[in-house]
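Working notes, structure below.
The values are calculated or read from the model by the stated rules, or taken from the named source; none is laboratory data. This is a predicted model, so every value here is computed, not measured. Here the Cβ is made from the backbone with ideal geometry for all residues, glycine too, and neighbour counts use every protein chain on show.
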Amino acid sequence: MALSTELLEILVCPLCKTKVELKSDGSGLKCTQCKRVYPIRDDIPVMLIDEAQIEEGPESPSGETAAVR
Ligand SMILES: [Zn+2]
């Protein structure tokens, strides 16, 4: 995990400007406000609303799969 806490401090959700927090498994950054999870690719956080997936509650397997475009 190469993400620095310093970087995490300045990262905010592009939608609601709320601080994001690293998921426990390190797979993404979650906005505490809108529950969007931004993926981390090659240790680079992808802070794009289009790339984010809304995650409700703890690991609930909803019918929503990755958006295919
Ligand atoms: Zn948000």
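Looking across the stretch 37-54, the residues that are closer than 21 Å to residue 6 by Cα and free of Cβ contacts under 8 Å to residues at least 24 places away in the same chain come down to 37, 39, 41, 42, 44, 46.
Is it true that some residue in the stretch 28-46 is at pLDDT 95 or above, of a type in the set (Ser, Thr, Tyr) and not in a loop (DSSP other than H, G, I, E, B)? Taking every residue of the stretch 28-46 in turn, at least one turns out to be at pLDDT 95 or above, of a type in the set (Ser, Thr, Tyr) and not in a loop (DSSP other than H, G, I, E, B).
Find the residue count for the stretch 1-45, including only residues that are of a type in the set (Val, Ile, Thr) and within 14 Å of the ligand (Cβ to nearest atom). Of the residues in the stretch 1-45, 5 are of a type in the set (Val, Ile, Thr) and within 14 Å of the ligand (Cβ to nearest atom).
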